[in-house]
Amino acid sequence: MAAQQRLDIRQGQSLVMTPQLQQAIKLLQLSNIELAEFVASEIESNPLLERSDGDDTQEAADDTGQEPARREELSLDNDAPDRAAQDALDAPDSDLYDSGTGSDAALPASATSGPSATTDWSTVGGGGQGEAYDVEASLTSEKSLNAHLHEQLSVSGLSPAERLIATRLIDETDDAGYCQADLGEVARTLGADPSLVADTLAACQQFDPTGVMARTLKECLGLQLAERDRLDPAMQTLLEHLGMVARHDLKGLSDLCGVDRDDIIDMLAEIRALSPRPGACFSAETTIAVAPDVFVRELPNGMFVVELNAETLPRVLMDKAYYAEVSALKMPEREREFISECAANATWLLKSLDQRARTILKVASEIVRQQDAFFAHGVAHLRPLNLKQVADAIDMHESTVSRVTSNKYMATPRGMFELKYFFSASIPSTGGGDAHSAEAVRYRISQLIAEEGDNVLSDDKIVEILTEFGIEIARRTVAKYRESLHIPSSVQRRRQLRARA
């Protein structure tokens, strides 16, 4: 059959990610510090942008016809000011970035202390061709002790309540590796049982490097000796009298420890081989005060108010008077295109920052609504929560919620938390009751195996035990959790048990 040409007309729908929409999505991922740096660079490159003096809030409300959204009393209006922009923000991850299409054109910001723009949103939204902002280029490749501990926490198998406690303890660990937290104060702030806080600290003290998160030099050295199986009664006595060690009182130490002088010399040599500063091998982290993106306050009636932190919102305006003045001048076509492009970029990105602020407020408010028991009663009442639950409740895509919860912080009466720490997968309950956190189930599996002794538990037996506790779980899920904890199979554990016998 001879080849022939044919003209067909087809109709279809597709999501076209313009550079401006891609930029709006990228803004969601930036922390407030990164956003401030980005805005500062855009002010330098766009002549129509200027910093606000902080007194233009009313002007913003008059100009846009709506009051800036800065707080939420858990009664949100889901109607976004620009539905097309919101739909774009809710696009799946695979649709967001196309190589070579991203554009970080001149970025204006929201008005003064609120997110509303001070420009007419009906203005055409063009796109610029500036260089892409590279967040990764500003990051150091050296890992800090804090980051190293948080990485281990993410795979530790601790329950959500224990993870929140551990997060606080890690954040109060200094660069030398010593935990400076007051355990009693942590328990009161988080509404946790003091014994749970102490147990969580003990679990964190098993992290690498050995001796980390100790509260005293004695405890630090003791953790390292215990790992080497050298914390016998004589060594414990020696650690109790480190002052005598400093004075080189060998005779007094010998009498106290019940060993001869040569043994004391050997024990002191072991002490000198330990590290009194376990965190020294990591890069010294420059302390940067984290500014919360939202505040949570409790009202006298028991309700919680969620407010945007106005100090972290960019204070930038578009100088429309200057734009009108310049546009009226006679100028070459190339310069006129440049001014029009700057105006279009400023208009679009003002809207993008307003949408970013509103999205953060929505997500944070829904998290508080879902975790109200935690804020009211403490860490023991933390509920299982995943991205889909929040996304469905506020009519957004999971990927949008994921971006919003990264590098965003919430200041609450119980402390400051990154939004992502309130999320944990859940395991169904056999009796139709409340679901169980996946992290809590993983921790329970590790405890069962740790206490099994000579009676090695198979994965099927673990399923039976968990079912008795009201946890509905499949054997393959138990195997997956066990492997994530780096625990050998029951067959391998039996072999190890026979080898030790």
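The values are calculated or read from the model by the stated rules, or taken from the named source; none is laboratory data. Just so we're clear, the structure is a prediction, and the values are computed from it rather than from any experiment. As a convention, Cβ positions derive from the backbone with ideal geometry for all residues, glycine included, and neighbour counts pool all protein chains shown.
Would you confirm whether or not region 291-314 contains a residue that is farther than 26 Å from Ala364 by Cα and either in contact with a strand residue (DSSP E or B) (Cβ under 7 Å, 6 or more places away or on another chain) or not β-branched (Val, Ile, Thr) (or both)?
No.
Which condition from (1) within 28 Å of Lys420 (Cα to Cα); (2) in the same structural domain as Leu221 (by TED's automatic domain parsing) is the one that Asp266 breaks?
Going through (1) within 28 Å of Lys420 (Cα to Cα); (2) in the same structural domain as Leu221 (by TED's automatic domain parsing) one by one, Asp266 breaks only (1).
Name every residue in region 446-483 that is loosely packed, with under 13 Cβ neighbours inside 10 Å, under 20 Å from Val155 (Cα atoms) and either in contact (Cβ under 8 Å) with a residue 60 or more places away in the chain or in contact with a helix residue (DSSP H, G or I) (Cβ under 6 Å, 6 or more places away or on another chain) (or both), in order of residue number.
Selection gives nothing.
Considering each residue of region 178-234, count those that are among the polar types (S, T, N, Q), in a loop (DSSP other than H, G, I, E, B) and within 26 Å of the chain's Cα centre (by Cα), and give that number.
Here the count works out to 4.
Please tell me if Gly191 is more than 22 Å from Leu149 (Cβ to Cβ) and surrounded by 15 or more Cβ atoms within 10 Å (Cβ to Cβ).
When the stated conditions are applied, Gly191 passes them.
Being in contact with a Leu (Cβ under 7 Å, 6 or more places away or on another chain) and touching a residue at least 24 places away in the same chain (Cβ under 8 Å) is the filter here, so list the residues in region 182-199 that pass it.
Correct list: Leu190, Val197.
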